[in-house]
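See below for the structure under consideration.
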Amino acid sequence: MTQTDEIRQVQDAARAVRQNIGRVIVGKEEVVDQLMVALLCEGHVLFEDVPGIGKTTLAKALAKSLDCSFQRIQFTPDLLPSDITGITFYNQKKGEFEYRPGPLLSQVVLADEINRATPRTQSALLEAMEERQISVERETLPLPRPFMVIATQNPVELEGTFPLPEAQLDRFLMRLRIDYPSQAEERLILQRFKEAQPLQDLTPVVRAERLQELQKTIRRVKVEPSVESYIVELVRATRTHSAVELGVSPRGTLALYRASQARAAIKGRNYIIPDDVKHMAQPILSHRMIATNQTRMHGRGMEQIVEDVLHIVAVPVES
């Protein structure tokens, strides 16, 4: 099979998932494509948005479309690390210790309102997200593949929350927003859900085993040296920006590189163009920076700083 055929299969798979989820989620094709990018990069996604706009439904629809196991964890202040990783208990009938798996041992995990849990519980996700494994009672257990954490947090209601530390934010490949639907989309939501629940009728369109093969394909997407330099220069520019106290880490450089490869494949190309990098810069870079106190006082968001960087760094052109 040629590389062109492999890329076409990635594009076909992304289209099939987009159309399948579109039976449940009205609009938001771009958000679904970003989720597919994260899946192909074996990354995790943080949704920072208000309640009631379909984040849980979207996560369930994605898992069903890929025939992946799904678990939702409601994060609360009294949630313990063992509540998500599982526990070892003594089975009196068998006369031996047994492990009872927690919800983290699923392929798609929805961490709902992740910033309501204590830092101790939040940190239990770090090993799972980065190493694809968990540790229980000195035992290390591998997680199923593919494995993806979709976390949510409400950016408005901050009382009684524990902000995610920078180390954990950096583990998320991208931060996304769904936003409110348009008037026409909201009317269509009423019509679609007034009699039935379309989520129940969803069937898989791409198997989990096939997805793992596609994940290997995107790593073979070509990247010209000039585009590689462009990615590096964009990230380095965040570290010297006057409004930024702490810039993007090398993990962010690699994340932008991989995400650009995945987007190129979804668009049917076996090579990256600068537009792929520019398109992925906001969701990949904005949550990996810390603004200076003065920047926060003036109300400037990280999204504005990413836009500044995109304007400052020269885009490579074909010779």
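Explain nothing, just compute: Karplus ³J(HN,Hα) = 6.51 cos²θ - 1.76 cosθ + 1.60, θ = phi - 60°, for every residue of region 65-81 in order, whole Hz, x for Gly and Pro.
Values, residue by residue: 5, 9, 6, 9, 5, 9, 9, 10, 10, 8, 7, 9, x, 9, 6, 9, x Hz.
Test of understanding: ordering S65, S286 by Cβ neighbours within 10 Å, fewest first, what list do you get? Spell out each step's value before the answer.
Details: S65 24, S286 19.
By the 10 Å Cβ count, ascending: S286, S65.
Cut-off 10 angstrom, C-alpha nodes, Gaussian network model of the chain. Which of Y99, Y230, Y180 fluctuates the most?
Y99
Sorted from fewest to most neighbouring beta carbons within 10 Å, what does the list D5, D112, D276 look like?
Working: D5 9, D112 19, D276 26.
Lowest count first: D5, D112, D276.
Would you please state which residues of region 238-268 a label at Q3 would reach in this model, taking the label point 7 Å out along Cα→Cβ and a backbone N cut-off of under 16 Å?
Those under the cut-off are 258, 260-268.
What residues have an amide H closer than 5 Å to that of G86, excluding those fewer than 5 places away on the same chain, when H is modeled at 1.01 Å from N in the peptide plane?
Amide H neighbours of G86: G102.
Would you mind telling me which residue in L39, L58, L254 has the biggest mean-square fluctuation in a Gaussian network model of the chain, where springs connect alpha carbons within a distance under 10 angstrom?
Looking only at L39, L58, L254, the biggest GNM fluctuation is shown by L254.
Can you work out the Karplus-derived ³J(HN,Hα) for every residue in region 185-191? Use 6.51 cos²θ - 1.76 cosθ + 1.60 with θ = phi - 60°, whole Hz, and x for glycine or proline.
So the Karplus estimates, Gly and Pro as x, are 5, 5, 5, 5, 4, 4, 5 Hz.
Between (i) 20.9; (ii) 22.1; (iii) 19.5, which matches Kirkwood radius over Cα pairs in Å calculated for the structure shown?
Entry (i).
What residue among Q92, Q191, Q153 has the largest mean-square fluctuation in a Gaussian network model of the chain, using Cα springs under 10 Å?
Result: Q92 has the largest fluctuation of those listed.
Mean residue ellipticity at 222 nm from the helices of the chain, using -39,500 (n - 2.57) per DSSP H segment of n ≥ 4 over the full residue count, to the nearest 500 deg cm²/dmol? Display every interim value, and only then the final one.
Numbers: 13 runs with 147 residues, N = 319.
It lands at -14000 deg cm²/dmol.
Using the Karplus curve 6.51 cos²θ - 1.76 cosθ + 1.60 with θ = phi - 60°, work out ³J(HN,Hα) for each residue of region 24-34 in order, rounded to whole Hz, and write x for Gly and Pro.
Whole-Hz 3J(HN,Hα) from phi for region 24-34: 10, 8, 7, x, 6, 4, 5, 5, 5, 4, 5.
How big is the antiparallel share of DSSP beta bridges in the chain, given as a percent to the nearest 5? Don't jump to the answer; show the numbers that get you there.
Numbers: 12 of 29 bridges.
Percent antiparallel among DSSP bridges in the chain is about 40.
Under 5 Å between amide H atoms, partner at least 5 residues away or on a different chain: which partners does V244 have, H built in plane at 1.01 Å?
T292
Order 19-28, 163-172 from most to least packed using the mean count of other Cβ atoms within 10 Å.
Taking the mean over residues of other Cβ atoms within 10 Å, the ranking is 19-28, 163-172.
Which FRET efficiency, nearest 0.05, do R251 and Q191 yield, Cβ-Cβ r, R0 30 Å?
Working: r = 44 Å, r/R0 = 1.46.
Computed FRET efficiency for R251 and Q191 comes out at 0.10.
Any read-out appearing in this document is the output of simple, stated calculations on the displayed coordinates, not a laboratory observation. What you see is a predicted model, and the numbers here were worked out from it, not measured in a lab. Counting neighbours? That spans all protein chains shown, and the Cβs are built from the backbone with ideal geometry, glycine included.
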